[in-house]
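Remarks on the structure that follows.
The values are calculated or read from the model by the stated rules, or taken from the named source; none is laboratory data. The model shown is predicted, which means the values in this text are computed figures rather than measured ones. A quick note on method: Cβ atoms are made from the backbone with ideal geometry, for glycine too, and the neighbour counts reach across all protein chains shown.
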Amino acid sequence: MNAVIVIAVRAYEGDGLSFIDSSGVTRNVKFDGKDYPNAGPNVRAGSASTARRVNEGTLEMTDKFNGRVTNTWEVQLSGGRKTLTMTVHVPGRREPDVFLFERR
């Protein structure tokens, strides 16, 4: 299925990143293992994210609700920095969701 989903990735407080999606959710994270509350008009209270760098082009972000893991994202940036691949693993589901984004 092809759908238009827009995600903006921006710097966050110097050493972190913000992921702002078209549904109105903002995930502001740093790579220090701490949970950061998600923001936006469509965010439930108790929703947070944490992130860690896997390597230079890959990070892992975990979404939580009231401390419980709701999904884990593997975010990979291509070598040419034109393609972003997000693989979303949901607990209890065998197959991940894979999203491919192209830089505009």
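I'm trying to understand the selection: among the residues of region 67-82, which are within 14 Å of ARG53 (Cβ to Cβ), under 12 Å from the mean Cα position of the chain (by Cα) and either assigned to a loop (DSSP other than H, G, I, E, B) or not β-branched (Val, Ile, Thr) (or both)?
First pass over region 67-82, keeping only residues within 14 Å of ARG53 (Cβ to Cβ): 73-77.
Those still in the list that are under 12 Å from the mean Cα position of the chain (by Cα) too: 73-76.
The answer is TRP73, GLU74, GLN76.
Taking residues in region 33-61 that are on the phi > 0 side of the Ramachandran plot, and partners anywhere that are in a loop (DSSP other than H, G, I, E, B), the pairs with Cβ atoms closer than 7 Å and at least 6 places apart or on different chains are GLY40/GLY24; GLY40/VAL25; GLY46/ASN66.
Looking at region 55-66, is at least one residue within 14 Å of ILE7 (Cα to Cα), of a type outside the set (A, V, I, L, M) and buried (at least 16 other Cβ atoms within 10 Å of the Cβ)?
From region 55-66, those within 14 Å of ILE7 (Cα to Cα) are none; that's our starting set.
No, there is no match, as no residue in region 55-66 is within 14 Å of ILE7 (Cα to Cα), of a type outside the set (A, V, I, L, M) and buried (at least 16 other Cβ atoms within 10 Å of the Cβ).
If you go through region 89-104 and pick out every residue that is in contact with a Pro (Cβ under 9 Å, 6 or more places away or on another chain), surrounded by 15 or more Cβ atoms within 10 Å (Cβ to Cβ) and either part of a loop (DSSP other than H, G, I, E, B) or at pLDDT below 95 (or both), you end up with 0.
Can you name the residue in region 17-35 that is within 12 Å of the chain's Cα centre (by Cα) and of a type outside the set (A, V, I, L, M, F, W, C) and is also nearest to PHE65 (Cα to Cα) among such residues? Lay out the reasoning, then the answer.
Our first condition is that a residue be within 12 Å of the chain's Cα centre (by Cα); within region 17-35, this holds for 17-21, 25-30.
Imposing the further condition that a residue be of a type outside the set (A, V, I, L, M, F, W, C) reduces the set to 18, 21, 26-28, 30.
On the way: SER18: 18, ASP21: 18, THR26: 15, ARG27: 13, ASN28: 15, LYS30: 18 Å.
For region 17-35, the residue satisfying everything is ARG27.
When VAL69, VAL29, VAL4 are screened for being surrounded by 10 or more Cβ atoms within 10 Å (Cβ to Cβ), closer than 21 Å to PHE101 by Cα and out of contact with any Lys or Arg (no Cβ under 6 Å at 6 or more places or on another chain), only VAL29 passes.
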